[in-house]
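K.L.:
This structure is in structure tokens; I'll ask about it shortly.
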Amino acid sequence: MKSTIKTNVKNRSCNSRTVLFKFLNFAFLALSVIFIGILTGLGATLLTFILYAVQYIAFGSIESAKNTVFSSLPWYRYVLSCTISMTIAGVSWYFLRKRENPPRIVTIPQAVFGSVMPIFSTIAHVLLQIGIVGSGISIGREVAPRELAALIAQRYSSVFHISSKTQRVLIASAAGAGLAAVYHAPLAGSVLALGLLSKTQGFGFYAWLNRENGSVVANVIKHILRSDRLYCLPFALSMNYVAAFVAEFLMHHSRYYNISQFSCDISWQICVLAAVVGLVCGLVGYVFRLCIIWCRTHALRGIKMLCFMPIAGLTIGIAACWFPHIMGNGRSLCQLAFSVSSSPHFLAFSNIMIILLILAIMKMAATLLVLRAGASGGILQPSISTGACIGLIVGIVSMKLPFISSLVLSQPNALILAAIFGAASLLTASRKSLWFALLLVAQLVNVSLIVIVPMAVACAVSRSITFLFAKLFENKNMRL
């Protein structure tokens, strides 16, 4: 009897210790998420200030929603800022990439799955990306805060000896939080974080392909519960919202684009317009993605990069003398498309479609030139800006066609909706991610919930087109 009592007391003591240990572990992880989110928000804010400082030195002003283009400047400011920045970046990247074992530059997916990010070379890599964007080079700036956040999460996990599974989740969540802090888009950052985990670690909807004992429903639920992405979801959401809040608190965030508030009623006409825009932007985005993959695969290295990066900067600087909207990450060009779509004054110009088409082509060409020359950076804003221009062109063309014009003209704000559909659908095709593109553009533009429905139609059509072309024409050496 006494032995039984002692055994029960011992078991209760072990159970209480287990519960206490789990509670402390949960509390530590919760504090870790908050702490890394705060550091990520601070890091993204610091990089934004550095971007503004570079812009002020190069052009005498900083970028904002009301001042997105550095126009009416002497020609030498465009040429010198782009050429000097690309020359400095070329020399710096030459030495950073000279050593390959171990590499000085580690990508975010490599860091998620165990590769160590060197502190000094990663920070230098981040600053170079911010520097060339601030000086007017056509490339996205979202990779830099993501890499800095991944470095912070990795070092934090190493100091506190966090398990490899949780470390992967923290790094992926931090990388998404870096994007959320820059663009104030925590939902899009959470989706990006989930996408960084292994493609085989899905939510379990295809568990029946690898069926275990038991019913299909039981196996699906079991695979969902085992999924790394489900484990990552609360980490990603919490960290993204913390990082976005910190950045918004410090930067006094305003809207990323200067768009007047508009109302929209869902109708089949709007959905038809969204489908047409998604079709066109899906085709353009598919080609753009192929070109991006080719340029990154064949990016110049070594002495060739030293020679061609200044030439690429000089080319962009000369082109910017006549077309300053192609400079930077794409915010200027996208704002132009939104301003044109909401202003009858701009639409009165007969050659406005030609101007938008030229700017879209030049923006894509400039971005591809930078990637081919060996620079690093993102393609989110170049894709969004190009898509906004092409979507607006499709909307204007629709107004001129007799069998579609009645559908478009009967809907208020049809052109600005076409630009938004184009931005989301081309990003869907270039990034091959429907939900990420949909949420990012929706949060950047700050649309109402009802607009999400036709945006989803445009993105779905775009994703279907890219999937179809990938199946029909893609060879084994270049899979999307």
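The values are calculated or read from the model by the stated rules, or taken from the named source; none is laboratory data. Quick caveat, the model's predicted, so the values are computed rather than measured. For neighbour counting, all protein chains shown are included, and Cβ atoms are generated from backbone atoms with ideal geometry for every residue, glycine included. Ligands, DNA and RNA are stripped out before the accessible areas are found, and what is left, the full protein with its side chains, is counted by its heavy atoms. Shrake-Rupley method; radii C 1.70, N 1.55, O 1.52, S 1.80 Å.
K.L.:
Between G140 and residues 5 or more places away or on another chain, which pairs have amide H atoms under 5 Å apart, with H built 1.01 Å from N, and which residues are they?
P.N.:
G378, I379, L380
K.L.:
Could you tell me the ratio Rg/Rh of segment 268-478? Both radii from Cα atoms, Rh via Kirkwood.
P.N.:
0.99
K.L.:
Hey, another quick one. Would you please put 458-466, 66-74, 327-335 in order of how densely packed they are, using the mean number of other Cβ atoms within 10 angstrom per residue and starting with the highest?
P.N.:
For the peptides 458-466, 66-74, 327-335, the packing ranking is 327-335, 458-466, 66-74.
K.L.:
Highest mean first, what order results for 426-434, 51-59, 440-448 on Cβ atoms within 10 Å?
P.N.:
Ranking, from highest mean packing down: 426-434, 440-448, 51-59.
K.L.:
To the nearest 20 debye, what is the magnitude of the charge dipole of segment 17-251 about its Cα centre, counting +1 on the Cβ of each Lys and Arg and -1 on the Cβ of each Asp and Glu?
P.N.:
So the dipole magnitude of segment 17-251 works out to roughly 540 debye.
K.L.:
How much area per residue is accessible in segment 312-385 when the probe is 1.4 Å and only protein heavy atoms are counted (Å²)?
P.N.:
On a per-residue basis, 34 Å².
K.L.:
Cross-link list K363/K400; K304/K471; K165/K432; K165/K363; K363/K471; K98/K363: which exceed 32 angstrom alpha carbon to alpha carbon?
P.N.:
K304/K471; K165/K363
K.L.:
Simple spin-label model, 7 Å along Cα-to-Cβ: S115 to I266 in nm?
P.N.:
Using points 7 Å along Cα→Cβ, the separation is 4.3 nm.
K.L.:
Same structure again: Using per-residue counts of other Cβ atoms within 10 Å, averaged over each peptide, order 316-323, 416-423, 178-185, 147-154 from highest down.
P.N.:
Highest to lowest by the protection proxy: 416-423, 178-185, 147-154, 316-323.
K.L.:
Between S164 and L468, with labels modelled 7 Å along Cα→Cβ, what's the label distance in nm to one decimal, could you check?
P.N.:
Roughly 4.3 nm, to one decimal.
K.L.:
Still on this structure: Compute, for segment 56-172, the length of the dipole vector about the Cα centre, with Cβ point charges of +1 (Lys, Arg) and -1 (Asp, Glu) only. Units Debye, rounded to 20.
P.N.:
So the dipole magnitude of segment 56-172 works out to roughly 200 debye.
K.L.:
At what distance in angstrom do the alpha carbon centres of segment 28-70 and segment 154-177 lie from each other?
P.N.:
22
K.L.:
At q = 0.08, 0.09 Å⁻¹, what is the log10 ratio I(q)/I(0) for segment 17-251, with the Debye formula run over Cα points and no solvent?
P.N.:
-0.37, -0.46
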